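Before anything else, here's the structure in question.
Bear in mind that the values in this text are calculations on the coordinates, not laboratory data. Values in this document were obtained by computation on a predicted structure and should not be read as measured data. Here the Cβ is made from the backbone with ideal geometry for all residues, glycine too, and neighbour counts use every protein chain on show.
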Amino acid sequence: MILMNKQAIVSDRIRRNWKPGLMIIILNFLLSSCGIYSFKDVSIPADVKTIHLGYIENKARYVNPSLAPQLTDQLKQKINNQTRLTQVQTSDADWDVNASITAYDISTAAVSNQKSSTNRLTVTVHISFKANKGSVKDYEADVSSNFDFDAGTSFSQAEPALIQQIIPAMTTDVFNRLFSNW
C-alpha cells in the first residue's frame, strides 16, 4: 500500500512538472534556430563567414613601437580562437575592420600631500567597422582604457609592466566591441 502511494506521488509530480520542462525544450529549440551563432557572448549572423582585420596603426602622439604589432597579433588570435570566422587579407571580406591607436597619454590620477601619487596611462583604439554582409550596420567607435602606475616610478620604468596589462585588456575590449551585443 505504501509503495503504491509513493508511485502515485511520483506520477502526480511528473504530470504537474512536465509542462515547464517541455516549455524550456521548445524555447531552446526556437532560440537556437534563429540564424545567429553565439559563442562565449559572441554574436555573428549565420551568413557572415569572413573577416578582414587590417594592421592596427599607431597614430598616437607618443608611439610605443611594440604596442600596435602586439595588439594586432593578439586580436587576430582571439578572433581565430573564439569565432568561426575565416580571416582574409582583402577588404572585400564579409566584415572589414580597421583600427588605430589614437591616444597613449599620461596624466595625473591621484594627488597626495600636494604631490602626484598615481599617474594614469590612457590608451584609446579607434575602430572602423564595415559590414558587407549580415544585419550589423557600419560604425566607428572608440575603445579606451586607463592603466594606473605609481608616480614615484618613471614612465619608462613602468611602461614594460603596463604593456603586459594593456595588450590583453585592450584586445578583450576591442573584441567585445566588435562581437558582443551590448
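Got a sec? Which strands (runs of 3 or more DSSP E) wholly within segment 73-154 have at least 1 residues that are loosely packed, with under 15 Cβ neighbours inside 10 Å, of a type in the set (A, V, I, L, M, F, W, C) and within 21 Å of the chain's Cα centre (by Cα)?
On the way: elements: 95-112, 115-131, 139-150.
Here the list reads 139-150.
Looking only at segment 43-72, which residues are more than 17 Å from the chain's Cα centre (by Cα), buried (at least 16 other Cβ atoms within 10 Å of the Cβ) and part of a strand (DSSP E or B)?
T50, N58
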